[in-house]
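Asker: Can you read through this structure? Questions will come right after.
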Amino acid sequence: MRVLCPAKVNLHLAIGPRREDGYHQLATVFQAVGLWDILEAEPGGALELRCDDPALSCGDDNLVMRAARALQHRFDAGSLGARMVLRKAIPAGGGLGGGSSDAAGALVMLSRLWELDPSTEQLEDLAASLGSDVGFFLYGGTATGTGRGEKITPMPSIGERPIVLGFAPFPIATAEVYRRLAARRSGAPTSLTPPGFSVNLQGLLAKLVRENDFGPARNDLEEVVLDGWPELAEFRRELSEAGAVLALVSGSGSSVFGLFEGEGDAHAAAGELAKRFPRWRTVATRTVASGVRVEP
Ligand code: C5P
């Protein structure tokens, strides 16, 4: 069995105050993107994982292994094994949700492989226990995320739109970006909680989808990321200059994305950016309307 695990970008990411559990309250619009990790599994034996990216741990700290163990634990299924192989296309530490998508893929595929038949609520709970944005990948397409990002509401899809992704040649740790944001806000004379935090995400999305107006979309992590890693600011500016209707850092970085009106413009921009930023990986693809997809 195999499962295709897409990447995501945040078309909008508003960060509210820090909660008692240390996480930040957030209001975001997730969008699945056509860049896919592939996870394959055969039933039987022990639980094991191999991966084509030597930089990635395949041990119990890998999110795929954690998802598998959480599923075994929840369903008292410790005797069920699987030999898994993960082929990575989504860079780790890129803010594109690769690890989270793989975890969601593992939950859905192993449930089927082991014939566990979890309820939607059980799957959502397991996903939330693994990471803030794992739950999004159960649905994919276009969805809003609230709470610490784990409360997902699927929305009408923005469709398959051309998008350019730029992967910086270094990862950025999400926890570090949130730490810097918290430090910056606590040092400020007044609360920097953006006044637009309690934004009406539905209204924002209606603007994006119906009016094609990306003006109100923003990423509250950007200021910290662009200050700390200025190369991302350059890449983002070039995307805008190349005609992107929306150019933002994805999540906490280190990837930057640009949405385009036309396929031709997106490919031209990707070609130009690949020349200007030879150390970056630049990909032109499309947004997609699905989440993780199991194939027989
Ligand atoms: O939940 P996840 O593992 O994706 O989060 C990674 C890190 O990002 C957390 O440990 C936390 O420091 C930070 N974070 C946060 N508020 C959120 C989501 C993540 O502070 N809503």
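Asker: Please go through the stretch 196-251 and give me each residue that is open to solvent by 30 Å² or more (accessible area, probe 1.4 Å), within 19 Å of the chain's Cα centre (by Cα) and closer than 16 Å to Gly145 by Cα, ordered by number.
Answerer: Scanning the stretch 196-251 gives a single hit, Arg218.
Asker: Suppose the filter is open to solvent by 50 Å² or more (accessible area, probe 1.4 Å), under 20 Å from Leu4 (Cα atoms) and at pLDDT below 90; does Ala55 pass it?
Answerer: Considered against the rule, which asks whether it is open to solvent by 50 Å² or more (accessible area, probe 1.4 Å), under 20 Å from Leu4 (Cα atoms) and at pLDDT below 90, Ala55 comes out as no.
Asker: Could you give me the residue pairs with C-beta distances under 9 Å whose first residue belongs to the stretch 15-30 and is aromatic (Phe, Trp, Tyr), whose second residue is near the ligand (Cβ under 7 Å from one of its atoms) wherever it lies, and which are 6+ apart or on separate chains?
Answerer: So the pair list comes out as Tyr23/Ser132; Tyr23/Arg148; Tyr23/Gly149; Tyr23/Tyr178; Phe30/Asp133; Phe30/Gly149.
Asker: Separate question: State yes or no: is Phe257 away from the ligand (no atom under 16 Å from the Cβ), under 21 Å from the mean Cα position of the chain (by Cα), closer than 30 Å to Arg18 by Cα and not in a strand (DSSP E or B)?
Answerer: no
Asker: From the residues in the stretch 1-16 that are within 30 Å of Pro296 (Cβ to Cβ) and surrounded by 24 or more Cβ atoms within 10 Å (Cβ to Cβ), which one is nearest to the ligand (Cβ to nearest atom)?
Answerer: Lys8
Asker: Can you tell me which residues in the stretch 202-244 are part of a helix (DSSP H, G or I) and charged (D, E, K, R)?
Answerer: Of everything in the stretch 202-244, those that are part of a helix (DSSP H, G or I) and charged (D, E, K, R) turn out to be Lys207, Arg210, Glu222, Glu223, Asp227, Glu231, Glu234, Arg236, Arg237, Glu238, Glu241.
Asker: Please go through the stretch 15-35 and give me each residue that is hydrophobic (A, V, I, L, M, F, W, C) and over 15 Å from the mean Cα position of the chain (by Cα), ordered by number.
Answerer: Ile15
Asker: Looking at the stretch 136-152, which of its residues are farther than 17 Å from Ser252 by Cβ, within 15 Å of the chain's Cα centre (by Cα), within 16 Å of the ligand (Cβ to nearest atom) and open to solvent by 10 Å² or more (accessible area, probe 1.4 Å)?
Answerer: Hits for the stretch 136-152 are Leu138, Thr146, Lys151, Ile152.
Asker: Just to be sure before I move on: is Leu96 aliphatic (A, V, I, L, M) and buried (at least 23 other Cβ atoms within 10 Å of the Cβ) in the structure I sent?
Answerer: Criteria met by Leu96.
Asker: Let me ask you something else. Limited to the stretch 106-119, what total is found for residues that are in contact with a helix residue (DSSP H, G or I) (Cβ under 8 Å, 6 or more places away or on another chain), more than 16 Å from the ligand (Cβ to nearest atom) and either small (Gly, Ala, Ser) or outside any loop (DSSP other than H, G, I, E, B) (or both)?
Answerer: The total comes to 3.
Asker: Then there is this: For the stretch 17-41: of the residues being modelled with pLDDT under 95 and surrounded by fewer than 17 Cβ atoms within 10 Å (Cβ to Cβ), which is nearest to the ligand (Cβ to nearest atom)?
Answerer: Across the stretch 17-41, the extreme among qualifying residues is Tyr23.
Asker: Could you look through the stretch 273-290, keep only residues that are assigned to a helix (DSSP H, G or I) and without any contact (Cβ under 8 Å) to a residue 60 or more places away in the chain, and pick out the one that is least open to solvent (accessible area, probe 1.4 Å)?
Answerer: Ala274
Asker: May I ask you to verify whether Ala182 is away from the ligand (no atom under 16 Å from the Cβ), over 29 Å from Gly264 (Cα atoms), touching a strand residue (DSSP E or B) at 6+ places or on another chain (Cβ under 7 Å) and small (Gly, Ala, Ser)?
Answerer: no
Asker: Under the condition of being surrounded by fewer than 21 Cβ atoms within 10 Å (Cβ to Cβ) and in contact with a Gly (Cβ under 8 Å, 6 or more places away or on another chain), which residue from the stretch 252-272 is nearest to Val108 (Cα to Cα)?
Answerer: Per the stated criteria, the residue is Glu261.
Asker: Take Arg161 and tell me if it is among the basic types (Lys, Arg) and away from the ligand (no atom under 12 Å from the Cβ).
Answerer: For Arg161, the condition - among the basic types (Lys, Arg) and away from the ligand (no atom under 12 Å from the Cβ) - is met.
Asker: When Cys58 is evaluated against the numbered criteria (1) in contact with a helix residue (DSSP H, G or I) (Cβ under 9 Å, 6 or more places away or on another chain); (2) farther than 28 Å from Ser252 by Cβ; (3) of a type outside the set (Lys, Arg), which criterion, by number, is the only one it fails?
Answerer: Just one mismatch for Cys58, condition (2).
The values are calculated or read from the model by the stated rules, or taken from the named source; none is laboratory data. All values reported here derive from a predicted model rather than from experimental measurement. Methodologically, a virtual Cβ is constructed for each residue, glycine included, from the backbone with ideal geometry; neighbour enumeration extends over all protein chains shown. Accessible surface areas use protein heavy atoms only, side chains included; no ligands, DNA or RNA. Shrake-Rupley method; radii C 1.70, N 1.55, O 1.52, S 1.80 Å.
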